[in-house]
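Only one structure is covered here, and it is reproduced in the block below.
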Amino acid sequence: MHSRSFSSDLLRFALVFSLVVSAARATSLSEAIAFYAAKKYPEARLALEKITAAEPKNAAAAYYYGMTIRRRGDTTALDEAVPWLAKAAELEPTNATYLGDFGGSSLQLAGKTRSLSAATRGREAMIRAVELNPDYLDAREGLMQYYAQAPWIAGGSSSKAYAQAEEIRKRDPARGLTALISLKSGEKKFAEATELCEAALQEKPDNYLALYQIGRIASTTGVNLDRGLETLRRCLDLTPPPNQPGHAGTHFRIGVILEKKGDKAAARTSFEAALKLDPNLKPAADALAKL
């Protein structure tokens, strides 16, 4: 037993030592950024900690250090990352990326802490990011979500949310359609969301996103179940585009509709098909367990 404990301690020491050695070799910012790009976040964080200490006015170092802290994903990561991202944006106030990530992180922190000042800083940073780079869709989407969710006293505005969604749609029709459906669904305007999808299918009958969303809305609302089942089954004949729900999610939605239609045996088959493709799809596992 003692031998196993010693071996485990030795392994942990070796891992920590290797991270320290790797970070020590990252003598330049470019090497530290390479660690980050390769998703070697602990190595990047160790290297950037030294670089930010040696070069306190280096905006890129502050930005990437903040991002590596955010990547930790623990309960204090956002609280610790935001000041570094704020510093990067302050040092380079015309860098849209720095402003966008600072703004997005600030809005996330505001949601966690209920801080109106953090929300205001986040919103203003993202507005500035979009002014600097009108094609910065992540920032536009962040603003859209803020305007849609924030109370009017904090700057919430349905019209401003839709304006951002339309700007996204001009630049990326698929992403813009997703944004508009999200807004309509958030307002419980499911019929209007479905109409948007049907209009998209008039232009392109095999529009995977539109087909899937019609099915998703049907499975959520219990309305137009047959049409939803039809469009979801069509999705299974198509290759899911990048960043769109895959066939596992489609099988799950089919299962939900079949269950609503009273066909529990077929629903079970669909949930099982979903889990075969993605064993970690918890909604499908939960639905299967409840049958």
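What do you get for the angle between helix 208-221 and the principal long axis of the chain? Use alpha-carbon atoms, 0 to 90 degrees, nearest ten.
Roughly 70 degrees, rounded to the nearest 10.
Could you pull out the pairs from K170/K261; K112/K170; K87/K112; K112/K189 whose alpha carbons sit more than 30 Å apart here?
K170/K261; K112/K170
How compact and how long is the stretch 28-133, expressed as Rg and Dmax of its alpha-carbon atoms in Å?
Final numbers for Rg and Dmax: 13.2, 38 Å.
With point charges of +1 on the Cβ of Lys and Arg and -1 on the Cβ of Asp and Glu, referenced to the Cα centre of the stretch 28-133, which listed residue (A61, A118, I33) lies farthest in the positive direction of the dipole?
Going by the charge dipole, the pick is A118.
Place +1 on the Cβ of every Lys and Arg and -1 on the Cβ of every Asp and Glu in the stretch 190-290, take the dipole about the Cα centre, and give the residue among P205, A285, T250 whose Cα lies farthest towards its positive end.
So the residue we want is A285.
What net charge do the residues around N207 carry, taking every other residue with its C-beta under 12 Å from that of N207, with Lys and Arg at +1 and Asp and Glu at -1?
On the way: positive: K204, R234; negative: E198, E203, D206.
Taking every other residue near N207 into account, the sum is -1.
What number, rounded to the nearest 500 deg cm²/dmol, is the helix-based mean residue ellipticity at 222 nm of the chain, given -39500 (n - 2.57) per DSSP H run of at least four residues and division by all its residues?
-25000 deg cm²/dmol
Return L201, L232, L180 ranked ascending by Cβ neighbour count within 10 Å, so the fewest neighbours appear first.
By the 10 Å Cβ count, ascending, the order reads L201, L180, L232.
Charges at C-beta only: +1 for Lys and Arg, -1 for Asp and Glu. How large is the resulting dipole of the chain about its Cα centre, in Debye rounded to 20? Intermediate values should be presented prior to the final figure.
Working: 39 positive and 33 negative charges, 131 e Å.
Result for the chain is approximately 640 debye, rounded to the nearest 20.
Can you sort C197, C235 so the residue with the fewest Cβ neighbours within 10 Å comes first?
With the sparsest Cβ surroundings first, the list reads C197, C235.
Roughly speaking, what % of Cα-Cα pairs in the stretch 190-290 are separated by over 23 Å, rounded to a whole number?
Of all Cα-Cα pairs in the stretch 190-290, 20 percent lie more than 23 Å apart.
From the Cα gyration tensor of the chain, with a ≥ b ≥ c the square roots of its eigenvalues, which class applies: rounded if a/c is under 1.5, or else prolate if a/b is larger than b/c, or else oblate?
oblate
For the chain, what relative contact order do you get, as a whole percent, if you take Cα pairs closer than 8 Å and at least 6 residues apart?
7 percent
Any read-out appearing in this document is the output of simple, stated calculations on the displayed coordinates, not a laboratory observation. Please read these numbers as outputs of a predicted model, since none were measured by experiment. Ideal geometry is used to build each Cβ from the backbone, glycine not excepted, and the neighbour counts take in all protein chains shown.
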